[in-house]
Amino acid sequence: MITVTFKPGGESGRVEPGQTVLEVAHELDVPITAPCGGRGRCGRCRVIVANGCEEPTQAERDLLTGEELRNGFRLACEAVLMGDAQIIVPSDSRTVGGKILSEDTWRHLELSPNVTSRCLELPEPSLADQRSDAERVADGLGVPVADLHIDHAALAEMPGVLRANKFAVTAVMVGDTLAAVRAPHTEPCCLGAAVDIGTTTVVAYLVDLRSGERLATASDLNPQARHGHDLISRIEYVESTTTGLDDMRRLIVDLINRLLGEAVAQVDARRRDIYELTVVGNTCMHHLFLGLDPRNLARAPYIPVTTQPMVLSAEEAGLAINRAGSVYCLPVIAGFVGADTVGVLLVSRMTERERPTLAIDIGTNGEVMLWSGERLLVASCAAGPAFEGGEISNGVRAANGAIERVWLRNGTIGYATIGGVRPNGICGSGIFDIVAALLDSGAADSGGRLADASAAEKLAEGIASRLRGEGSTREFVVAPGGDNGSGEIVFTQKDVREVQLAKGAVRAAVELLCAEAGIGTDEIDEILLAGAFGNYIDRRSALRMGLLPDLPPERIQGVGNAAGAGALAALVSTAQRRYAAELARRAEHIELMANPRFQMAFADSMIFPD
Ligand code: FES
């Protein structure tokens, strides 16, 4: 065995010799970026190794300069460790999602769920003790029977369960309601589910509320998409027919019921073992789930029906869980700032920091949150779907075959696809990288214009040969196709413009929030990136295109799936529910559309940095 230590994190361990640095890094949980999947093609997994390695491979000699090799630079996926080694991982080679804040927060929460269970050993009735069954249970719980609300089904089962178990039972409480009396030591005893209703995907996490352990996960696409992929189309559907709202509600409720069924089946439990659900989603998803009219969200001044946390019975929500179960919907903040944003505020703990902190969540909509150290400001901006591959000629969702990484090396472009298969399009993280590579190579200028024929003459051959077309139909070939051109992946002039619009909207929102808070963007201490966006994009590409204020990459970190984490936190902890509600109240929503300064900032922010 050999001893390997990573710096600056200090992770260390005894491992088998003969493994690559990347394999050992995975074993010791050290986040090293590997855009080409460790195939020795991108040259991005660079680390510094003083000794303990075999000689550099051909791929390392091709991708690293002579000077880099002399200074001890190696490719983590190629360098094989044979002896004790100290390895320095430069900030450029660390992955953005290495530390997921939401996971950290979730693991360290103190359990205080709204659903609790108590083991009761009750004296059996006798002629000298003729208390009713309900009174006997209430006394066991230490609650006057007159004050104990007992669910009717629990009451109906009570005599049989008490006698079958010789009066030693488990009582399950949902808040102040006795929801069930069960045989002792029944497993699972009390379950809860956290549901994240995304515009595209819906995820249900099943949790054991006694241990806080996540037992199962089930997810599927949001079936409301058949009435439109974006929020506005779905709201238009609600407007277009008298049954629109009911249709939308039924679609999402039926899906959640199905997902809960799948989740309980995974752990051999029953739906009636689920006593509580917590729900997050953007404001439109929240309204459609609750059957609240979303029409005013789509038109100025964008008013939601309510922003308050909502508590419903399982029956009111139409959910097939325990009859006495309840449903808790986290609060929303404004028409376009929903409970998903509350999730980011909750799990990132950004308001507990002393220095100004920025958080950004980008989906079809962009939400920007700024903690100035005193004020919490939030805004939403219409980033459009460009960063998710929408409106991009060869844009696709992140799935097998999507180009997820692009890099510039030795005067040409390299790329990696999800699953390492033939490319079938470009997903969000690839789009960021392509724009950064176009700017770095000179194939696009700061105004977003692709180099014309005369400008292309000055570019490296490997770049110039990929540019073709004229004016607005100019395009860059990212991946050549087969002999007949099929399967070719291009990035067009129009695609660059779409990215500029999206990036301009987000950056302008950042500028405006900073101005409102009276701080400069250079005073921001840390940037938190939420959701898939935060986990997968390359920070350097985001910085290169000017999406983010200029901070060292190591001060930018992923928050993970904050919406789901927010729902989980609220499920296992009533204290977190209160905290989420307080954050939602405290957040000052800044409306950007009506603000003339936003339009000016937007125009400036469309420019890419030189
Ligand atoms: S991950 Fe090592 S070269 Fe790409």
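Listed highest first by mean packing, meaning other Cβ atoms within 10 Å per residue, what order do 119-132, 501-514, 541-554, 47-60 come in?
Details: 119-132: 11.2, 501-514: 24.1, 541-554: 19.5, 47-60: 15.8.
Highest to lowest by the protection proxy: 501-514, 541-554, 47-60, 119-132.
Which trypsin sites (Lys or Arg not before Pro) in the range 17-94 pass both tests, a DSSP loop state and at most 14 other beta-carbon atoms within 10 Å?
Numbers: sites: Arg39, Arg41, Arg44, Arg46, Arg61, Arg70, Arg74, Arg94; in loops: Arg39, Arg41, Arg44.
Sites meeting the loop and neighbour criteria: Arg39.
Amide H to amide H distances under 5 Å link Gln19 with Leu81, where only residues 5 or more positions off or on other chains count and H is placed in the peptide plane.
Distance between the pseudo-spin-label points of Glu187 and Asp293 (7 Å out from Cα toward the beta carbon): 5.2 nm. Between Met1 and Glu374, the simple spin-label model (points 7 angstrom out along Cα→Cβ) gives 5.5 nm.
What do you get for trypsin sites (Lys or Arg not before Pro) in the range 143-184 restricted to DSSP loop and a cutoff of at most 14 other Cβ within 10 Å of the site's Cβ?
Values: sites: Arg163, Lys166, Arg182; in loops: Lys166.
Here the trypsin sites (Lys or Arg not before Pro) that fit, given the DSSP loop and packing criteria, are Lys166.
Pull out a ≥ b ≥ c, the square roots of the eigenvalues of the alpha-carbon gyration tensor of the range 487-546, then state rounded if a/c is under 1.5, prolate if not and a/b is larger than b/c, and oblate in the remaining case.
On the way: a/c = 2.90, a/b = 1.76, b/c = 1.64.
Verdict is prolate for the range 487-546.
Charging the Cβ of each Asp and Glu at -1 and of each Lys and Arg at +1, and nothing else, the dipole of the chain about its Cα centre rounds to 340 debye. Counted residue by residue at 0.36 nm each, then reduced by the alpha carbon distance between them, the extension gain from Ala59 to Ile303 reaches 82.1 nm.
Using a Förster radius of 41 Å, what is the FRET efficiency between Asp147 and Asp220 based on their Cβ-Cβ separation? Nearest 0.05, please. The partial results should precede the final answer.
Values: r = 42 Å, r/R0 = 1.03.
Efficiency for this residue pair is about 0.45.
Stokes-Einstein, applied to the Kirkwood radius of the range 336-610 over Cα pairs at a viscosity of 1.002 mPa s and 20 °C, places its translational diffusion at 111 µm² s⁻¹. I want to make sure I understand the PRE zone here: with the label point 7 angstrom from the Cα of Asn410 toward its beta carbon, which residues in the range 21-53 have backbone N atoms less than 19 Å away? Once the point is set 7 Å along Cα→Cβ of Asn410, 35-47 turn out to lie under 19 Å by backbone N, inside the range 21-53.
Loop-located GluC sites (Glu not before Pro) in the range 348-451 (DSSP state not H, G, I, E or B) with no more than 13 neighbouring Cβ atoms inside 10 Å: Glu354, Glu374. Of all aspartates and glutamates in the structure, the ones whose alpha carbon falls short of 18 Å from that of Lys7, not counting any fewer than 8 places away in one chain, are Glu23, Glu27, Asp29, Asp84, Asp92, Glu554.
A 1.4 Å probe run over the protein chains yields, for the chain, 41 Å² of accessible area per residue, whole-number rounding.
Protection proxy ranking for 282-289, 591-598, using the average of other Cβ atoms within 10 Å per residue and placing the highest first: 282-289, 591-598.
Counting only aspartates and glutamates at least 8 places from Lys166 when in the same chain, those with an alpha carbon closer than 14 Å to its own are Glu121, Glu124, Asp133. At full extension, Glu554 and Lys494 could sit 18.4 nm farther apart than now, given 0.36 nm per residue minus the alpha carbon distance.
At 1.4 Å probe size, with the rest of the protein present, what percent of the exposed accessible area of the chain is carbon and sulfur atoms?
Details: 12360 of 25210 Å².
Carbon and sulfur together cover 49 percent of it.
Couplings for the range 457-466, taken from phi via the Karplus curve 6.51 cos²θ - 1.76 cosθ + 1.60 with θ = phi - 60°, read 4, 8, 8, 4, 4, x, 9, 4, 5, 8 Hz in order; Gly and Pro are left as x.
About the Cα centre, and with charges only on the beta carbon of Lys, Arg (+1) and Asp, Glu (-1), how big is the dipole of the range 532-610? Nearest 20 debye, please.
Details: 9 positive and 8 negative charges, 70 e Å.
Roughly 340 debye for the range 532-610.
For the range 559-579 and the range 216-291, what is the centre-to-centre distance using only Cα atoms, to the nearest Å? Here the two parts' Cα centres lie 19 Å apart.
Given in Å, the Rg to one decimal and the Dmax to the nearest whole number for the Cα atoms of the chain are 27.7, 104.
Under the simplified labelling scheme, the Ala168-Ser112 pair shows an inter-label distance of 3.2 nm, with each label point 7 Å from Cα along Cα→Cβ.
The values are calculated or read from the model by the stated rules, or taken from the named source; none is laboratory data. Keep in mind it's a predicted model, so treat the numbers as computed, not measured. Positions of Cβ are generated from backbone atoms using ideal geometry, with glycine treated the same way; all protein chains shown enter the neighbour counts. Heads up: the accessible areas ignore ligands, DNA and RNA and are worked out on the full protein's heavy atoms, side chains in. Shrake-Rupley method; radii C 1.70, N 1.55, O 1.52, S 1.80 Å.
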